[in-house]
1. Treat every Asp and Glu Cβ in the chain as -1 and every Lys and Arg Cβ as +1, leave all other atoms uncharged, and give the resulting dipole magnitude about the Cα centre to the nearest 20 debye.
2. If Rh is defined by the Kirkwood formula over all Cα pairs and Rg also comes from Cα, what ratio Rg/Rh do you get for the chain?
3. If a/c stays under 1.5 just call it rounded; otherwise compare a/b with b/c (prolate if a/b is bigger, oblate if not). Do that for the stretch 345-419, with a ≥ b ≥ c from the square roots of the Cα gyration tensor eigenvalues.
4. For the stretch 203-232, which trypsin sites (Lys or Arg not before Pro) are in a loop by DSSP, counting at most 14 other Cβ atoms within 10 Å?
5. Could you work out how far helix 628-642 tilts from the main Cα principal axis of the chain, as a 0 to 90 degree angle to the nearest 10?
6. What share of Cα pairs, in percent, lie more than 23 angstrom apart in the stretch 506-625?
7. Pairs Lys193/Lys248; Lys269/Lys402; Lys239/Lys484: which are spaced more than 27 Å apart, C-alpha to C-alpha?
8. Over the stretch 524-628, what percent of the accessible surface lies on carbon and sulfur atoms, probe 1.4 Å?
Amino acid sequence: MIKVKLPDGTIKEVAKGTNSLDIAKSISEGLARKVLAAEINGEVWDLNRSLNEDVNLKLLTFEDKGGKSTLWHSSAHILAEALEYFYPGINLAIGPPIENGFYYDIDFQDYNISEKDLEKIEKKIIELAREKNPFVRKEITKKDALDYFKEKNDPYKVELLNDLEDGTITFYTQGKFTDLCRGPHLPNTGFIKAVKLLNIAGAYWRGDENNKQLTRIYGITFEKQKDLNLYLEQLEKAKQRDHRKLGKELELFTFSEKVGQGLPLWLPKGTDLKERLMNFLKKAQTDSGYLPVSTPHIGHKDLYVCSGHYEKYGEDSFQPIKTPNIDEEFLLKPMNCPHHCEIYKTKPRSYKDLPIRFAEFGTVYRYEQSGELHGLSRVRGFTQDDAHIFCTSEQVKEEFIKVIDLVLYIFKTLSFEQFTAQISLRDVNQTEKYIGSTENWEKAEKAILEATEEKGIDTVIEYGEAAFYGPKLDFMVKDALGRKWQLGTIQVDYNLPERFELEYMGSDNQTHRPVMIHRAPFGSMERFVSVLLEHCAGNFPLWLTPNQVMILPISEKYHDYAENILNLLNNSDIRALVDKRAEKAGRKIRDAEISKSPFMLIVGEKEKENQTVSVRRHGGEDLGSMKIEQFINIINEEIDKLISNFK
């Protein structure tokens, strides 16, 4: 007999060889019908794999990340089976699950495929799913696996196999289709009831632009048709909120092929927005004791060799910049932290000086493959709201709490009301993977856990997800469409202080290494603006929006009065514009709505005579006629409610 421990602490004693599906059935038939996979000691397994030793078991449904991933992984295999039915002789590459759905990369040889072919493929997928064919796992030798795919003439699978070690290779078969795969998969194909193939794209084999470009088909599946319908509705809403579409309409940013892919050009309104966000955080940072620093856009190659960033980013990033001096090389800055370490070293430090908090809105550069670029959310040059805190190990908890307070202040002010925090800790069974003493790691992990508990944050703990140089805390926010985004990170680092030989003199008159904390509440300005833009659909908070008021004179006769109103607003630090076009009032109102102006002031004969304005909110609410002073008070009161000083 073996012992199986469930998440609630219940222990079941079962015969050796029992599988997870058997255990689900022993709990309830209803659960057994819903469960898709099993998490065994933190690893996701097929439900029908035998259990031969004591384990921790969590049964996974579609509500769990591992359950979704398994359903979508199996769906990719069924897509491949359907494609081989319609296009015999194609070469299959890889077909993984992704955050929302799955894809498969295919070399279609001489076949032509287009969006109009997707419907027939969807029908075939459902037909194959209804056969309820089991997914059968088979361990196979490397030789037999190579023989199989060589005979099938699948060069991409052969290339993958050449990188695998014998004894680690498995095949999965469902129906008439067999694929190289480590799993896991569903018990059978019947769980898939609804499918939508979303689009066709190009993708270089293994992400290398020197390799052949394959065809990538994206799709998503669900257990119920109504869930697919809901997802497609959300997808349509997301298209309307796409930050690339809104950014163009609102004249916030653009891109130019001549400037280069992935290098955004901020237009006047976008620059105004970005700088207002930066000033908002700068003020909060100043109130929190941060010291502003500024570093160059490039650094000597030796700096990044010392930090380890050259090893991490060197080959796959922008290449070194040569100078007239032989052997002198510079790199575009991939991170700000090495520069901040050098600033720390400019003079001796004492324990009395700590913590020291350096903050910089520093632009960094990383070479992303062209296929990975996506508007502002994935770019090659971006500005991080970077700060690095140098402190003692005893100060880590207090500094974490202060950074958490800062992150929560930002989320509250910008209406990100739903969020969780992921705590990434060591794998205690593989401590050799991590730098730093066990004592320091235990202190840092304890500090993070206690800090989040004290702040009452909803957290998820992921063991083994810490970086090799320290544990971290990532904030995951849910936007207006329910999508999750990683915004804000706090990272403990024992590595860089060691590499740069950072020191401070302790109270014991001995030198010690400071602990370094990386902190970026926005993450990057570009990505944060993309998420915020989609979250609020371009209707930015009143304090942040580039233009707060649009003044609409009903004819040229009232332009002078509109200009007087504009001057009064500007003198009160209210951002406004006058629409002097020779258009009817109705057209001007519609255009102001499209431009997301929070307020419209309509002025004509009556308003000029009474020295008033007719006020209309974005969305159509009519606030009536009032004196300009009253309107200014409304603006200021609303801003005071939206944004408060950081304490």
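The values are calculated or read from the model by the stated rules, or taken from the named source; none is laboratory data. The shown structure was predicted, so the numbers you read here are calculated from the model rather than taken from an experiment. Counting neighbours? That spans all protein chains shown, and the Cβs are built from the backbone with ideal geometry, glycine included. Just so you know, the surface numbers come from the protein's heavy atoms only, side chains and all, with ligands and any DNA or RNA stripped out. Shrake-Rupley method; radii C 1.70, N 1.55, O 1.52, S 1.80 Å.
1. For this selection, approximately 1380 debye.
2. Details: Rg = 29.1 Å, Rh = 28.8 Å.
Rg divided by Rh gives 1.01.
3. Numbers: a/c = 3.16, a/b = 1.46, b/c = 2.17.
Oblate shape, in that a/c is at least 1.5 and b/c is the bigger or equal ratio.
4. When the trypsin sites (Lys or Arg not before Pro) of the stretch 203-232 are filtered for loop state and at most 14 Cβ neighbours within 10 Å, Lys212, Lys224 remain.
5. 30
6. Details: 3187 of 7140 pairs.
So the pairs more than 23 Å apart make up 45 percent of the total in the stretch 506-625.
7. Working: Lys193/Lys248 38 Å; Lys269/Lys402 32 Å; Lys239/Lys484 16 Å.
Long pairs (Cα-Cα over 27 Å): Lys193/Lys248; Lys269/Lys402.
8. The value for the stretch 524-628 is 47 percent carbon and sulfur by accessible area.
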